[in-house]
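Chemist: One structure, pasted below without further comment.
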Amino acid sequence: MIPATFDYVRPGTVDEAVTALADAGEDAKILAGGQSLMPLLRLRLAYPDSLIDLDRVDPLREIRDEGDTLMIGAMATHHQVVRDPLVREFAPLIARATETVADPAVRHRGTFGGSLAHADPAGDLPAVALALDAVFLVRSVRGEREIPAADFFVDWMTSAMEPDELLLSVRIPKLGAGWGAHYEKFHRTAQAWAIVGVACAVRRENGTVGEARIALTNMGSTPVRASEVERAVAGGAVSEAAFRSAAEHAADGAEPPADLHGSSEYRRHLATVLTARALAAAAS
Amino acid sequence: MPRIRVDVDGATYEDDVEPRVLLVHYLRDRLGKVGTPVGCDTSNCGACTVLMDGVSVKSCSVLAVQADGRDVTTVEGLGLNGTEHPMQRAFHEEHALQCGYCTPGMIMASIDLLRENADPSEEEIRDGLEGNLCRCTGYQNIVRAVRRAAGEMREPSEREVAP
(Lines give C-alpha, C1' and ligand atoms only; values in the text may rest on other atoms or scores of the structure.)
Protein backbone atom coordinates (compact mmCIF):
# COMPACT_ATOMS: atom_id res chain seq x y z
CA MET A 1 0.00 0.00 0.00
CA ILE A 2 0.97 3.63 -0.41
CA PRO A 3 1.24 5.98 2.58
CA ALA A 4 -1.07 8.99 2.90
CA THR A 5 0.48 12.29 1.86
CA PHE A 6 2.77 14.14 4.24
CA ASP A 7 5.20 17.03 4.22
CA TYR A 8 8.77 15.79 4.20
CA VAL A 9 11.54 17.62 6.03
CA ARG A 10 15.16 16.49 5.91
CA PRO A 11 17.20 18.46 8.45
CA GLY A 12 20.99 18.32 8.34
CA THR A 13 21.68 19.17 11.97
CA VAL A 14 20.18 18.51 15.39
CA ASP A 15 19.21 22.18 15.73
CA GLU A 16 17.37 22.11 12.42
CA ALA A 17 15.60 18.89 13.43
CA VAL A 18 14.47 20.29 16.79
CA THR A 19 13.23 23.50 15.15
CA ALA A 20 11.41 21.56 12.44
CA LEU A 21 9.75 19.43 15.09
CA ALA A 22 8.58 22.50 17.03
CA ASP A 23 7.29 24.16 13.84
CA ALA A 24 5.46 21.07 12.64
CA GLY A 25 3.17 20.80 15.66
CA GLU A 26 1.64 17.70 17.24
CA ASP A 27 0.89 15.79 14.04
CA ALA A 28 4.55 15.40 13.10
CA LYS A 29 6.50 12.16 13.32
CA ILE A 30 10.23 11.64 13.49
CA LEU A 31 11.54 9.21 10.88
CA ALA A 32 14.61 7.43 12.25
CA GLY A 33 15.37 4.10 10.52
CA GLY A 34 11.74 3.72 9.52
CA GLN A 35 11.58 -0.02 10.05
CA SER A 36 8.61 0.25 12.41
CA LEU A 37 7.13 3.51 11.17
CA MET A 38 7.17 2.74 7.45
CA PRO A 39 4.90 -0.31 7.75
CA LEU A 40 2.54 1.76 9.92
CA LEU A 41 2.47 4.46 7.23
CA ARG A 42 1.90 1.94 4.46
CA LEU A 43 -0.96 0.28 6.32
CA ARG A 44 -2.26 3.78 7.16
CA LEU A 45 -2.27 2.98 10.84
CA ALA A 46 -0.26 6.23 11.08
CA TYR A 47 -0.83 9.29 8.89
CA PRO A 48 1.22 12.20 10.22
CA ASP A 49 0.98 15.65 8.60
CA SER A 50 4.73 15.83 8.40
CA LEU A 51 7.68 13.52 8.60
CA ILE A 52 11.05 14.77 9.86
CA ASP A 53 13.74 12.47 8.52
CA LEU A 54 16.91 12.19 10.64
CA ASP A 55 18.72 10.06 8.03
CA ARG A 56 21.25 12.83 7.27
CA VAL A 57 21.84 14.03 10.85
CA ASP A 58 25.12 12.15 11.07
CA PRO A 59 26.26 13.32 14.55
CA LEU A 60 23.35 11.30 16.00
CA ARG A 61 25.02 8.08 14.80
CA GLU A 62 28.01 8.40 17.12
CA ILE A 63 28.85 5.85 19.82
CA ARG A 64 31.23 7.31 22.40
CA ASP A 65 33.09 6.34 25.56
CA GLU A 66 32.27 8.83 28.33
CA GLY A 67 34.19 7.27 31.21
CA ASP A 68 31.69 5.47 33.45
CA THR A 69 29.05 5.49 30.76
CA LEU A 70 28.68 4.66 27.09
CA MET A 71 26.85 7.19 24.93
CA ILE A 72 24.92 5.65 22.04
CA GLY A 73 23.57 8.14 19.51
CA ALA A 74 19.88 7.74 18.75
CA MET A 75 20.55 7.13 15.03
CA ALA A 76 23.19 4.42 15.50
CA THR A 77 21.86 1.51 13.46
CA HIS A 78 21.33 -1.95 14.94
CA HIS A 79 23.99 -3.22 12.52
CA GLN A 80 26.43 -0.61 13.83
CA VAL A 81 25.60 -1.32 17.50
CA VAL A 82 26.11 -5.09 17.16
CA ARG A 83 29.61 -4.60 15.72
CA ASP A 84 30.75 -1.69 17.87
CA PRO A 85 33.74 -2.71 20.04
CA LEU A 86 32.70 -0.35 22.88
CA VAL A 87 29.20 -1.84 23.00
CA ARG A 88 30.55 -5.39 22.88
CA GLU A 89 32.96 -4.70 25.73
CA PHE A 90 30.90 -2.52 28.08
CA ALA A 91 27.29 -3.30 27.15
CA PRO A 92 27.26 -6.90 25.88
CA LEU A 93 23.58 -7.22 26.81
CA ILE A 94 22.77 -4.59 24.18
CA ALA A 95 24.86 -6.38 21.55
CA ARG A 96 23.23 -9.74 22.30
CA ALA A 97 19.68 -8.40 22.26
CA THR A 98 20.25 -6.31 19.14
CA GLU A 99 21.51 -9.36 17.25
CA THR A 100 18.03 -10.84 17.68
CA VAL A 101 16.16 -7.82 16.33
CA ALA A 102 14.34 -8.65 13.07
CA ASP A 103 16.74 -9.54 10.23
CA PRO A 104 19.93 -8.18 8.59
CA ALA A 105 18.23 -5.81 6.12
CA VAL A 106 16.07 -4.33 8.88
CA ARG A 107 19.13 -4.00 11.14
CA HIS A 108 20.91 -2.03 8.42
CA ARG A 109 18.24 0.70 8.59
CA GLY A 110 16.64 0.33 12.03
CA THR A 111 18.13 2.42 14.82
CA PHE A 112 18.81 2.06 18.52
CA GLY A 113 17.03 5.30 19.40
CA GLY A 114 14.14 4.67 17.04
CA SER A 115 13.38 1.33 18.69
CA LEU A 116 13.41 2.91 22.12
CA ALA A 117 11.37 5.98 21.20
CA HIS A 118 8.82 3.69 19.54
CA ALA A 119 8.34 2.22 23.05
CA ASP A 120 6.83 -1.03 21.84
CA PRO A 121 6.83 -3.39 24.85
CA ALA A 122 7.27 -6.29 22.41
CA GLY A 123 10.45 -4.70 21.07
CA ASP A 124 13.69 -6.15 22.44
CA LEU A 125 15.56 -2.99 23.36
CA PRO A 126 13.18 -1.28 25.83
CA ALA A 127 13.62 -4.10 28.37
CA VAL A 128 17.38 -3.96 27.85
CA ALA A 129 17.46 -0.21 28.49
CA LEU A 130 15.36 -0.69 31.61
CA ALA A 131 17.56 -3.49 32.97
CA LEU A 132 20.70 -1.41 32.41
CA ASP A 133 19.29 1.77 34.03
CA ALA A 134 19.88 3.71 30.82
CA VAL A 135 19.34 7.47 30.76
CA PHE A 136 17.65 9.16 27.79
CA LEU A 137 18.85 12.58 26.65
CA VAL A 138 16.10 14.53 24.85
CA ARG A 139 16.02 18.02 23.38
CA SER A 140 13.39 20.49 22.25
CA VAL A 141 13.53 24.20 21.46
CA ARG A 142 12.78 24.63 25.18
CA GLY A 143 16.02 22.92 26.18
CA GLU A 144 17.47 19.55 27.08
CA ARG A 145 16.54 17.09 29.81
CA GLU A 146 17.44 13.59 30.92
CA ILE A 147 14.86 10.88 31.51
CA PRO A 148 15.81 7.68 33.39
CA ALA A 149 14.66 4.46 31.75
CA ALA A 150 12.40 3.72 34.72
CA ASP A 151 10.37 6.86 33.81
CA PHE A 152 10.75 6.75 30.03
CA PHE A 153 8.29 3.97 29.14
CA VAL A 154 4.87 5.24 30.14
CA ASP A 155 2.38 3.02 28.34
CA TRP A 156 1.92 0.93 25.19
CA MET A 157 3.99 2.66 22.47
CA THR A 158 4.08 5.78 24.62
CA SER A 159 7.21 7.37 26.05
CA ALA A 160 7.65 10.27 28.46
CA MET A 161 8.87 12.49 25.62
CA GLU A 162 6.72 15.52 24.74
CA PRO A 163 5.63 15.85 21.09
CA ASP A 164 8.29 18.52 20.46
CA GLU A 165 11.12 16.53 22.05
CA LEU A 166 13.73 14.64 20.07
CA LEU A 167 15.75 11.72 21.46
CA LEU A 168 19.44 12.58 20.98
CA SER A 169 21.26 9.77 22.71
CA VAL A 170 21.10 7.17 25.44
CA ARG A 171 23.67 6.85 28.21
CA ILE A 172 24.41 3.34 29.40
CA PRO A 173 26.25 2.77 32.68
CA LYS A 174 29.18 0.48 31.80
CA LEU A 175 29.23 -3.03 33.14
CA GLY A 176 32.82 -3.87 33.95
CA ALA A 177 34.67 -7.00 35.00
CA GLY A 178 32.64 -9.68 36.74
CA TRP A 179 29.43 -8.96 34.85
CA GLY A 180 27.82 -11.43 32.48
CA ALA A 181 24.82 -10.75 30.29
CA HIS A 182 22.22 -12.64 28.31
CA TYR A 183 19.05 -11.92 26.35
CA GLU A 184 16.67 -14.86 26.25
CA LYS A 185 14.11 -14.45 23.49
CA PHE A 186 11.26 -16.85 22.89
CA HIS A 187 9.59 -16.68 19.50
CA ARG A 188 8.08 -19.20 17.14
CA THR A 189 9.59 -18.13 13.83
CA ALA A 190 12.68 -16.27 12.65
CA GLN A 191 12.34 -12.48 12.74
CA ALA A 192 9.08 -12.66 14.77
CA TRP A 193 8.48 -10.52 17.85
CA ALA A 194 9.33 -12.02 21.21
CA ILE A 195 6.35 -13.75 22.79
CA VAL A 196 8.35 -13.10 25.96
CA GLY A 197 11.96 -11.94 26.28
CA VAL A 198 14.27 -11.61 29.29
CA ALA A 199 17.12 -9.11 29.48
CA CYS A 200 19.52 -10.12 32.23
CA ALA A 201 22.89 -9.03 33.61
CA VAL A 202 24.57 -10.72 36.56
CA ARG A 203 27.65 -9.73 38.57
CA ARG A 204 29.39 -12.63 40.25
CA GLU A 205 31.20 -12.04 43.51
CA ASN A 206 33.22 -14.73 45.31
CA GLY A 207 31.11 -17.51 43.84
CA THR A 208 27.79 -15.85 44.69
CA VAL A 209 25.51 -13.43 42.85
CA GLY A 210 26.62 -9.91 43.79
CA GLU A 211 23.90 -8.18 41.82
CA ALA A 212 21.38 -9.01 39.10
CA ARG A 213 19.42 -6.80 36.75
CA ILE A 214 16.46 -8.25 34.93
CA ALA A 215 13.73 -6.79 32.76
CA LEU A 216 11.06 -8.48 30.66
CA THR A 217 9.90 -7.96 27.08
CA ASN A 218 6.20 -8.22 26.14
CA MET A 219 4.94 -8.82 29.68
CA GLY A 220 2.82 -5.67 29.91
CA SER A 221 2.12 -2.31 28.30
CA THR A 222 5.71 -1.29 29.09
CA PRO A 223 8.90 -3.29 29.69
CA VAL A 224 8.78 -4.71 33.21
CA ARG A 225 11.59 -4.82 35.75
CA ALA A 226 11.66 -8.15 37.61
CA SER A 227 12.62 -6.57 40.93
CA GLU A 228 11.47 -9.51 43.07
CA VAL A 229 13.78 -11.87 41.22
CA GLU A 230 16.66 -9.39 41.47
CA ARG A 231 16.24 -9.29 45.26
CA ALA A 232 15.82 -13.05 45.54
CA VAL A 233 19.08 -13.92 43.74
CA ALA A 234 21.26 -11.16 45.24
CA GLY A 235 23.80 -12.62 47.66
CA GLY A 236 22.69 -16.16 46.84
CA ALA A 237 24.37 -19.10 45.20
CA VAL A 238 25.18 -19.34 41.50
CA SER A 239 23.12 -22.45 40.92
CA GLU A 240 20.33 -23.47 38.60
CA ALA A 241 18.19 -24.50 41.56
CA ALA A 242 18.55 -21.06 43.16
CA PHE A 243 17.80 -19.37 39.84
CA ARG A 244 14.72 -21.53 39.22
CA SER A 245 13.40 -20.78 42.67
CA ALA A 246 13.98 -17.02 42.36
CA ALA A 247 12.51 -16.97 38.85
CA GLU A 248 9.17 -18.15 40.23
CA HIS A 249 8.64 -14.45 41.03
CA ALA A 250 9.40 -13.26 37.48
CA ALA A 251 5.80 -12.46 36.61
CA ASP A 252 4.91 -10.93 39.99
CA GLY A 253 2.98 -7.73 39.39
CA ALA A 254 3.11 -8.09 35.60
CA GLU A 255 -0.03 -7.84 33.47
CA PRO A 256 0.99 -9.66 30.29
CA PRO A 257 -1.11 -9.37 27.14
CA ALA A 258 -3.09 -12.21 25.59
CA ASP A 259 -2.98 -12.58 21.80
CA LEU A 260 -2.67 -15.03 18.94
CA HIS A 261 0.71 -16.21 20.24
CA GLY A 262 -0.28 -16.98 23.79
CA SER A 263 -2.55 -16.31 26.75
CA SER A 264 -1.53 -14.16 29.72
CA GLU A 265 -1.15 -17.35 31.75
CA TYR A 266 1.17 -18.85 29.15
CA ARG A 267 3.30 -15.70 29.19
CA ARG A 268 3.54 -15.83 33.00
CA HIS A 269 4.78 -19.39 32.73
CA LEU A 270 7.26 -18.45 30.02
CA ALA A 271 8.58 -15.57 32.12
CA THR A 272 9.53 -17.90 34.97
CA VAL A 273 11.19 -20.48 32.73
CA LEU A 274 13.02 -17.95 30.55
CA THR A 275 14.20 -15.89 33.52
CA ALA A 276 15.83 -18.95 35.08
CA ARG A 277 17.53 -19.71 31.75
CA ALA A 278 18.66 -16.11 31.33
CA LEU A 279 20.13 -16.01 34.84
CA ALA A 280 22.03 -19.26 34.28
CA ALA A 281 23.39 -18.06 30.94
CA ALA A 282 24.37 -14.63 32.26
CA ALA A 283 26.09 -16.09 35.32
CA SER A 284 28.02 -18.77 33.45
CA MET B 1 7.92 18.03 -4.84
CA PRO B 2 11.49 17.05 -3.85
CA ARG B 3 13.98 16.37 -6.63
CA ILE B 4 16.22 13.35 -6.20
CA ARG B 5 19.36 12.18 -7.96
CA VAL B 6 20.04 8.51 -7.56
CA ASP B 7 22.33 5.96 -9.19
CA VAL B 8 20.54 2.73 -10.02
CA ASP B 9 22.34 -0.22 -11.59
CA GLY B 10 25.06 2.00 -12.98
CA ALA B 11 22.90 4.78 -14.45
CA THR B 12 22.08 8.13 -12.87
CA TYR B 13 18.47 9.30 -12.68
CA GLU B 14 17.05 12.68 -11.68
CA ASP B 15 13.38 12.85 -10.83
CA ASP B 16 10.79 14.83 -8.95
CA VAL B 17 9.10 12.44 -6.53
CA GLU B 18 6.28 12.72 -4.06
CA PRO B 19 7.72 12.14 -0.55
CA ARG B 20 5.33 9.24 0.08
CA VAL B 21 6.63 7.19 -2.86
CA LEU B 22 8.40 4.06 -1.64
CA LEU B 23 11.74 3.14 -3.18
CA VAL B 24 10.30 -0.11 -4.55
CA HIS B 25 7.51 1.77 -6.34
CA TYR B 26 9.99 4.30 -7.73
CA LEU B 27 12.16 1.48 -9.07
CA ARG B 28 9.25 -0.38 -10.65
CA ASP B 29 6.84 2.33 -11.76
CA ARG B 30 9.20 5.17 -12.68
CA LEU B 31 12.35 3.35 -13.78
CA GLY B 32 10.67 0.20 -15.07
CA LYS B 33 12.92 -2.02 -12.99
CA VAL B 34 10.27 -4.66 -12.39
CA GLY B 35 12.88 -7.25 -11.46
CA THR B 36 12.30 -6.12 -7.87
CA PRO B 37 8.86 -7.36 -6.80
CA VAL B 38 6.54 -6.12 -4.09
CA GLY B 39 5.87 -9.02 -1.76
CA CYS B 40 4.16 -8.78 1.56
CA ASP B 41 3.87 -5.00 1.99
CA THR B 42 4.60 -5.44 5.71
CA SER B 43 8.44 -5.63 5.69
CA ASN B 44 8.44 -9.33 6.47
CA CYS B 45 9.13 -11.19 3.25
CA GLY B 46 12.26 -9.54 1.85
CA ALA B 47 11.23 -10.04 -1.81
CA CYS B 48 11.94 -6.34 -2.51
CA THR B 49 15.49 -6.43 -1.07
CA VAL B 50 18.01 -4.26 -2.93
CA LEU B 51 21.45 -2.95 -2.04
CA MET B 52 21.70 0.73 -1.08
CA ASP B 53 25.27 1.99 -0.85
CA GLY B 54 26.25 -1.67 -0.88
CA VAL B 55 24.13 -2.99 2.01
CA SER B 56 20.81 -4.81 1.87
CA VAL B 57 17.60 -2.89 2.56
CA LYS B 58 13.96 -3.73 2.06
CA SER B 59 12.94 -1.24 -0.61
CA CYS B 60 9.34 -1.24 0.64
CA SER B 61 10.62 0.30 3.88
CA VAL B 62 12.69 3.10 2.38
CA LEU B 63 11.26 6.24 0.77
CA ALA B 64 12.48 7.15 -2.69
CA VAL B 65 13.53 10.55 -1.31
CA GLN B 66 15.82 8.73 1.13
CA ALA B 67 17.72 7.25 -1.81
CA ASP B 68 18.69 10.76 -2.94
CA GLY B 69 22.46 10.78 -3.48
CA ARG B 70 22.69 7.04 -2.88
CA ASP B 71 23.77 4.15 -5.07
CA VAL B 72 21.13 1.44 -5.53
CA THR B 73 21.72 -2.01 -6.99
CA THR B 74 18.77 -4.19 -7.95
CA VAL B 75 18.85 -7.74 -9.26
CA GLU B 76 18.83 -6.22 -12.74
CA GLY B 77 22.21 -4.62 -12.10
CA LEU B 78 24.00 -7.87 -11.32
CA GLY B 79 24.68 -9.36 -14.74
CA LEU B 80 27.49 -7.54 -16.50
CA ASN B 81 27.58 -7.71 -20.29
CA GLY B 82 25.15 -10.58 -20.31
CA THR B 83 27.16 -12.63 -17.84
CA GLU B 84 25.31 -13.98 -14.82
CA HIS B 85 26.54 -13.08 -11.36
CA PRO B 86 27.96 -16.18 -9.61
CA MET B 87 25.00 -16.04 -7.20
CA GLN B 88 22.49 -16.01 -10.05
CA ARG B 89 24.24 -18.95 -11.69
CA ALA B 90 24.38 -20.88 -8.41
CA PHE B 91 20.62 -20.36 -7.87
CA HIS B 92 20.05 -21.68 -11.39
CA GLU B 93 22.36 -24.67 -11.08
CA GLU B 94 21.18 -25.71 -7.61
CA HIS B 95 17.52 -25.23 -8.58
CA ALA B 96 17.13 -22.79 -5.68
CA LEU B 97 13.74 -21.55 -6.82
CA GLN B 98 10.37 -22.80 -7.91
CA CYS B 99 7.92 -19.96 -8.46
CA GLY B 100 10.77 -17.42 -8.37
CA TYR B 101 8.91 -14.63 -6.59
CA CYS B 102 11.33 -14.45 -3.65
CA THR B 103 14.41 -14.98 -5.84
CA PRO B 104 15.49 -11.37 -6.56
CA GLY B 105 15.40 -10.51 -2.85
CA MET B 106 16.95 -13.83 -1.92
CA ILE B 107 19.85 -13.24 -4.31
CA MET B 108 20.45 -9.66 -3.11
CA ALA B 109 20.36 -10.73 0.55
CA SER B 110 22.74 -13.61 -0.22
CA ILE B 111 25.24 -11.27 -1.90
CA ASP B 112 25.06 -9.00 1.15
CA LEU B 113 25.64 -12.01 3.40
CA LEU B 114 28.83 -12.99 1.52
CA ARG B 115 30.10 -9.41 1.66
CA GLU B 116 30.41 -9.78 5.43
CA ASN B 117 31.17 -13.49 5.59
CA ALA B 118 32.89 -15.01 2.57
CA ASP B 119 32.59 -18.61 3.83
CA PRO B 120 29.36 -18.95 5.82
CA SER B 121 28.24 -22.21 7.42
CA GLU B 122 24.79 -23.59 6.71
CA GLU B 123 23.56 -22.12 9.99
CA GLU B 124 25.05 -18.71 9.21
CA ILE B 125 23.34 -18.74 5.82
CA ARG B 126 19.99 -19.57 7.43
CA ASP B 127 20.51 -16.76 9.95
CA GLY B 128 21.63 -14.33 7.27
CA LEU B 129 18.55 -15.03 5.14
CA GLU B 130 16.03 -14.95 7.99
CA GLY B 131 14.49 -11.80 6.56
CA ASN B 132 13.68 -13.47 3.25
CA LEU B 133 10.75 -15.86 3.02
CA CYS B 134 10.40 -18.62 0.44
CA ARG B 135 7.20 -20.63 0.35
CA CYS B 136 8.25 -23.17 -2.30
CA THR B 137 11.68 -24.63 -1.73
CA GLY B 138 11.94 -25.33 1.97
CA TYR B 139 15.24 -23.41 1.70
CA GLN B 140 17.39 -26.52 1.18
CA ASN B 141 18.48 -25.66 -2.32
CA ILE B 142 18.81 -21.97 -1.50
CA VAL B 143 21.34 -22.80 1.21
CA ARG B 144 23.18 -25.09 -1.24
CA ALA B 145 23.25 -22.33 -3.85
CA VAL B 146 24.72 -19.80 -1.44
CA ARG B 147 27.37 -22.32 -0.37
CA ARG B 148 28.22 -22.97 -4.01
CA ALA B 149 28.38 -19.27 -4.91
CA ALA B 150 30.54 -18.59 -1.86
CA GLY B 151 33.00 -21.24 -3.02
CA GLU B 152 33.09 -19.87 -6.54
CA MET B 153 33.44 -16.27 -5.42
CA ARG B 154 36.35 -17.14 -3.14
CA GLU B 155 38.14 -18.88 -6.01
CA PRO B 156 36.86 -17.28 -9.16
CA SER B 157 37.21 -19.31 -12.31
CA GLU B 158 38.08 -17.57 -15.53
CA ARG B 159 34.50 -17.26 -16.80
CA GLU B 160 33.25 -15.38 -13.75
CA VAL B 161 32.73 -11.69 -13.40
CA ALA B 162 32.81 -10.32 -9.87
CA PRO B 163 30.19 -7.72 -8.91
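Chemist: Please work out how much accessible surface A:ARG44 shows to a 1.4 Å probe, ignoring ligands, DNA and RNA, in Å² rounded to 10.
Modeler: It works out to around 100 Å².
Chemist: Counting each DSSP H run of 4 or more residues in chain B as -39500 (n - 2.57), what helix-only mean residue ellipticity at 222 nm follows after dividing by all residues, to the nearest 500 deg cm²/dmol?
Modeler: Using -39500 (n - 2.57) per qualifying helix, the result is -8000 deg cm²/dmol.
Chemist: Across chain B, where is the longest run that never hits trypsin sites (Lys or Arg not before Pro) in a DSSP loop with at most 13 other C-beta atoms within 10 Å?
Modeler: B:1-134
Chemist: Further question: Can you give me the accessible area per residue for the protein assembly as shown, using a 1.4 Å probe, in Å²?
Modeler: Heavy-atom SASA per residue in the protein assembly as shown reads 42 Å².
Chemist: Turning to a different aspect of this structure: Just counting partner chain Cβ atoms within 10 Å, what average do the residues of peptide B:119-131 show around their Cβ?
Modeler: Across B:119-131, the average partner-chain Cβ count within 10 Å equals 2.
Chemist: How much accessible surface area, in Å² rounded to 10, belongs to the heavy atoms of A:PHE186 with a 1.4 Å probe?
Modeler: 60
Chemist: How far apart, in nanometres, would the label points at B:GLU155 and B:ASP15 be if each is projected 7 angstrom from Cα along the Cα-to-Cβ direction?
Modeler: Between B:GLU155 and B:ASP15, the label points sit 4.4 nm apart.
Chemist: Follow-up question, since we're still on this one. How large is the accessible surface of A:TRP179 in square angstrom, using a 1.4 angstrom probe and rounding to the nearest 10?
Modeler: 50
Chemist: Would you rank B:TYR13, B:TYR26 by solvent-accessible area, highest first, keeping every protein chain in place and using a 1.4 Å probe?
Modeler: So, going from the largest accessible area down, we get B:TYR13, B:TYR26.
Chemist: Test of understanding: in a Gaussian network model of chain B with alpha carbons linked when under 10 Å, which of B:ILE107, B:ILE142, B:ILE125 would top the mean-square fluctuation ranking?
Modeler: B:ILE125
Chemist: How far, in nm, would the chain grow between B:GLU122 and B:VAL34 when pulled straight, counting 0.36 nm per residue and subtracting the alpha carbon separation?
Modeler: Gain on extension, B:GLU122 to B:VAL34, equals 28.6 nm.
Chemist: With every protein chain kept in the model, how would you rank B:MET153, B:MET106 by accessible area, 1.4 Å probe, largest at the top?
Modeler: Result of the area sort, largest leading: B:MET153, B:MET106.
Chemist: For B:GLU18, A:GLU89, write out the residues from largest to smallest accessible area, computed with a 1.4 angstrom probe and no ligands counted.
Modeler: Of B:GLU18, A:GLU89, the descending order of accessible area is A:GLU89, B:GLU18.
The values are calculated or read from the model by the stated rules, or taken from the named source; none is laboratory data. Because the structure is a prediction, the values reported are computed rather than measured. Positions of Cβ are backbone-derived with ideal geometry, glycine not excepted, and every protein chain shown enters the neighbour counts. Surface areas here come from the heavy atoms of the whole protein model, side chains and all, with no ligands, DNA or RNA. Shrake-Rupley method; radii C 1.70, N 1.55, O 1.52, S 1.80 Å.
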